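*Asks:* Could you have a look at this structure, given as structure tokens, before my questions?
Each reported figure results from applying straightforward, stated rules to the coordinates on display, with no laboratory input. Every value quoted in this text rests on a predicted model; they were computed, and no experiment measured them. As a convention, Cβ positions derive from the backbone with ideal geometry for all residues, glycine included, and neighbour counts pool all protein chains shown.
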Amino acid sequence: MKKLKSIRLFNQSVSFLVDLHIAKRAAFICFLAVMAFLLSGSFGESFISPIRVIQAIFGYGDDYTQLVINDFRLPRIIVAAFAGIALAVAGAVLQGMIKNPLASPDIIGISAGGGAAVVGFLALFSDLNHSLTVSIQWMPLAGFVGATLVGLVVYLLAWKDGVTPSRLVLIGLGVSIFLQALTTLLMIIGPIHLAAEAQKWIIGSVRTAEWHEVQIMVPVIISLLIVLSFLVRHLNVQDFGDETATSLGQSVQKFRFTLIILCSSLVASAIAFTGAIGFVGLIAPHIARRLVGSAFGLLLPTSAAIGAFLVVVADIIGRTAFNPLEVPAGVFTAAIGAPYFIYLLLKKPKH
Amino acid sequence: MILVKNKYKVLGLVIALLCTLFFMCISVLYGYADTSLHTTIQSFMNFDHSNEQIIIQNVRIPRALIAASVGASLAITGVLLQTLTKNPLASSGILGINAGAGFAVVFALVIFNITSLQAFAWIAFIGAAVATVVVLGISAAGGTASTPIKITLAGAAISALFASYTQGLLAMNEANMDQVLFWLAGSVQGRKIEILLSVLPYLVIGWIMAMAISSKMNVLALGDDIARGLGLKLGLFKFIIGIITILLAGGAVAISGPIGFVGIIIPHFARKIIGTDHRWLIPMAALLGAILLIVADVAARFIIMPSEVPVGVMTAFIGTPFFIYLARTKGGRT
């Protein structure tokens, strides 16, 4: 017998059905994510023990440790963790909506949109001496606008008496190939430093994270997550199919549109700062579904924790394994994600 | 289908062939340096080492030939893959074969410091072969990848996989990036005739094999069960299609780098013109593919003169609207 507990908040506008047994697993995952977070503070040029990391975060410890932790490592870890959270949650929602386990923000073109926008930004605002005419601080904004716009465009192109999930995926695929071609073109006709800068962004790295970025990124992502958590329980209904969902009183198309926009902005606000870290949006929800089932009440937080874990760990590896060379985090998420993906493809369907 | 009677079909093929030759002439004549038909003929009759003649002999003619053979090969691959996977959106680009070749080249460049175009060609061949085996293997293994949308997604994900490894390698090795970037975009510019000649035998074998199995392709198009019932050895036949794909897609990518969308668009146009009988469809698609790539290549020279747009970018710009149209009309079914 499952021990179920329903959680209702805010006058029943938010409600989750939580299986207590499974909730323990979710809690364990969150614990792992926090551990990875702390360990990530420890590793680097010099090793600092996790306990001293905690002390430093709360303002104790010697000046040197505080400097290293609070000024150098912490912003980077926070950016990594939140990027992971945003990508994983967006992936979980997209997979639920498209009802295809292989869908993810990178496949339906949102990431490619961000990439094209960033390269376009670098090309547009470079003068003849190949130096930028505006501050590079605007680059995340370009990435954000590009990714959200592409999400919208893909949605509109897929519209034909409503949007079917498979059409959305195929159109997204076509658009992302188009955007990759555009990106390549801009990189070839642009100056070479631009290519190098853009390349780093496209593969996804948290190397350059700073506090002022955290100050923008974290509130945006948190508020988007809050809005999503209000909406997401309706997704459970969509699992029964469009007709059933409609007859249960859901405005399926309007809801789908809202979710696409929310997911696009979520992904956009993550990759605007980190670049397109691939495969997190694909595999984190899968692992989460294995562990806690497919009801969204627990799926979203668990996906979020796994996503954060993946990106933080990928960053730890990227910065220590080939020291002094730093390998972008995106390479490692692809290294874990790709084999898992092939496994998913080869697995026989259950029904 | 526009051409119904066999008489008209032959006529259609002849016209397509003439168009191909015509556009090859255009491709030889026009570009950054202007040349005339007279110079071209002179360069064959009595070669006088003038700049124009050298350009024609060493740059323009190889380029036109390469565009034609790459276009034809990609289009044939598209026809075969679309029939094999029963997927109107299949092509070597969508299924990740191009990306596999791209990854192999970048890997060789970064890890082994190989930089010659000739070496790129062979490495690309190997990469394309590996990717073909992976994709067709996955689709043959059944699993979740059997329906059109799933095999398309599988290909897209395999592309994404190779692409992110490629990007990762490039990010670690910025010095050689500009050499690779142009190759990765897909271009028929600056390729020497030797590269074509070394790959051409494989392409020709691929073309002949494709024609040889064309009547059996018609049987396969009826569906796996019916084909088996009609006595087609499915496993062996699919294996042969795999070999042809490796020869043609691998060879094309080896010469020109990954060029997308030719393999998607052309089979559809060819089918509209000459019908679904593969004995007519394959040669028609080959000619149309050649024409498309030659025209795209000529256009690529003039858009941002004096520099050039890689022809792979051109085909992506032309092809995407068509792809979206296809996805809206044919791909929406799961």
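*Asks:* Placing unit charges on C-beta atoms (Lys and Arg positive, Asp and Glu negative, everything else neutral), compute the dipole magnitude of the protein assembly as shown about its Cα centre in debye, rounded to 20.
*Replies:* Here the protein assembly as shown has a charge dipole of around 2780 debye.
*Asks:* Under 5 Å between amide H atoms, partner at least 5 residues away or on a different chain: which partners does B:LEU95 have, H built in plane at 1.01 Å?
*Replies:* The answer is none.
*Asks:* In addition: In segment B:6-329, what is the count of Lys pairs whose alpha carbons are under 13 Å apart, counting only pairs at least 8 residues apart or on separate chains?
*Replies:* Pairs that pass both the separation and distance tests number 5.
*Asks:* As a footprinting exposure proxy, order A:VAL118, A:VAL311, A:VAL89, A:VAL218 by other Cβ within 10 Å, with the fewest listed first.
*Replies:* A:VAL218, A:VAL118, A:VAL89, A:VAL311
*Asks:* What's the center-to-center distance, using Cα atoms, between segment B:107-131 and segment A:24-49 in Å?
*Replies:* Taking the Cα centre of each part, segment B:107-131 and segment A:24-49 sit 40 Å apart.
*Asks:* Residue separation times 0.36 nm, minus the C-alpha to C-alpha distance between B:ILE193 and B:PHE239: what's the value?
*Replies:* In short, 13.5 nm is gained.
*Asks:* I would also like to ask the following. Most mobile of B:ASN46, B:ASN98, B:ASN87 per a Gaussian network model of chain B (Cα springs, under 10 Å)?
*Replies:* Among B:ASN46, B:ASN98, B:ASN87, the largest GNM mean-square fluctuation belongs to B:ASN46.
*Asks:* Treating only the Cβ atoms of Lys and Arg (+1) and Asp and Glu (-1) as charged, compute the dipole magnitude of segment B:6-329 about its Cα centre; round to the nearest 20 debye.
*Replies:* Around 1080 debye, computed over segment B:6-329.
*Asks:* Which value, to two decimals, describes the C-alpha radius of gyration of segment A:82-346 once divided by 2.2 N^0.38 Å?
*Replies:* 0.99
*Asks:* Here is a follow-up. Just flag the trypsin sites (Lys or Arg not before Pro) in segment B:168-265 sitting in loop per DSSP whose Cβ has no more than 12 other Cβ atoms within 10 Å.
*Replies:* Answer in residue order: B:LYS233.
*Asks:* Pick from B:ALA212, B:ALA185, B:ALA286: which residue has the top mean-square fluctuation in a GNM of chain B where Cα pairs under 10 Å get a spring?
*Replies:* Most flexible of the set in this elastic network: B:ALA212.
*Asks:* Taking the Cα centre of the protein assembly as shown as the origin and placing charges on Cβ (Lys, Arg +1; Asp, Glu -1), which of B:TYR32, B:LEU287, A:PHE125 is farthest toward the positive end of the dipole?
*Replies:* Of the options given, the answer is B:LEU287.
*Asks:* Taking the mean number of other Cβ atoms within 10 Å as a proxy for protection, how do you rank B:35-41, A:300-306, B:293-299 from highest to lowest?
*Replies:* Packing proxy ranking, top to bottom: A:300-306, B:293-299, B:35-41.
*Asks:* In peptide A:333-344, what is the residue-averaged number of other protein chain Cβ atoms found within 10 Å of each Cβ?
*Replies:* 4
*Asks:* Run the reach check for B:LYS5 against aspartates and glutamates, Cα to Cα strictly under 18 Å, same-chain hits fewer than 8 apart removed. What comes back?
*Replies:* B:ASP277
*Asks:* Where does each of A:PHE273, B:PHE322 land when they are ranked from fewest to most other beta-carbon atoms within 10 angstrom?
*Replies:* Ascending number of Cβ neighbours within 10 Å: B:PHE322, A:PHE273.
*Asks:* Go ahead and set up a Gaussian network model of chain B, Cα springs under 10 Å, then flag whichever of B:ILE324, B:ILE205, B:ILE282 fluctuates most.
*Replies:* Among B:ILE324, B:ILE205, B:ILE282, the largest GNM mean-square fluctuation belongs to B:ILE324.
*Asks:* Which helices pass in chain B if a helix is a full DSSP H run, must span at least 24 angstrom along its long axis by Cα, and must have mean Kyte-Doolittle hydropathy not below 0.5?
*Replies:* Membrane-span-like by this criterion, though nothing is claimed about a membrane: B:6-29, B:61-85, B:117-140, B:148-172, B:193-212, B:278-302, B:311-329.
*Asks:* Which peptide among B:15-25, A:332-342 comes first, and what is the full order, when sorted by highest mean count of other Cβ atoms within 10 Å?
*Replies:* My ranking of the peptides, most packed first, is A:332-342, B:15-25.
*Asks:* By the gyration tensor of its Cα atoms, with a ≥ b ≥ c the square roots of the eigenvalues, what is the shape of segment B:6-329: rounded for a/c under 1.5, prolate for a/b over b/c, or oblate?
*Replies:* oblate
*Asks:* What average number of partner chain Cβ atoms lie no more than 10 Å from the Cβ of the residues making up B:316-326?
*Replies:* Mean number of neighbouring Cβ atoms from other chains: 5.
*Asks:* Further question on the same structure: Sticking to Cα atoms, compute the Rg of the protein assembly as shown to one decimal and its Dmax as the biggest Cα-Cα distance, whole number, in Å.
*Replies:* So, for the protein assembly as shown, Rg and Dmax equal 26.5, 93 Å respectively.
*Asks:* A further question on this structure: What residues qualify as long-range amide H neighbours of A:ASP19, i.e. H under 5 Å apart, gap of 5 or more or another chain, H built at 1.01 Å from N?
*Replies:* A:LYS5
*Asks:* Separate question: For segment B:9-155, just say rounded, prolate or oblate: build the C-alpha gyration tensor, square-root its eigenvalues into a ≥ b ≥ c, call rounded for a/c under 1.5, and beyond that prolate if a/b exceeds b/c, oblate if not.
*Replies:* oblate
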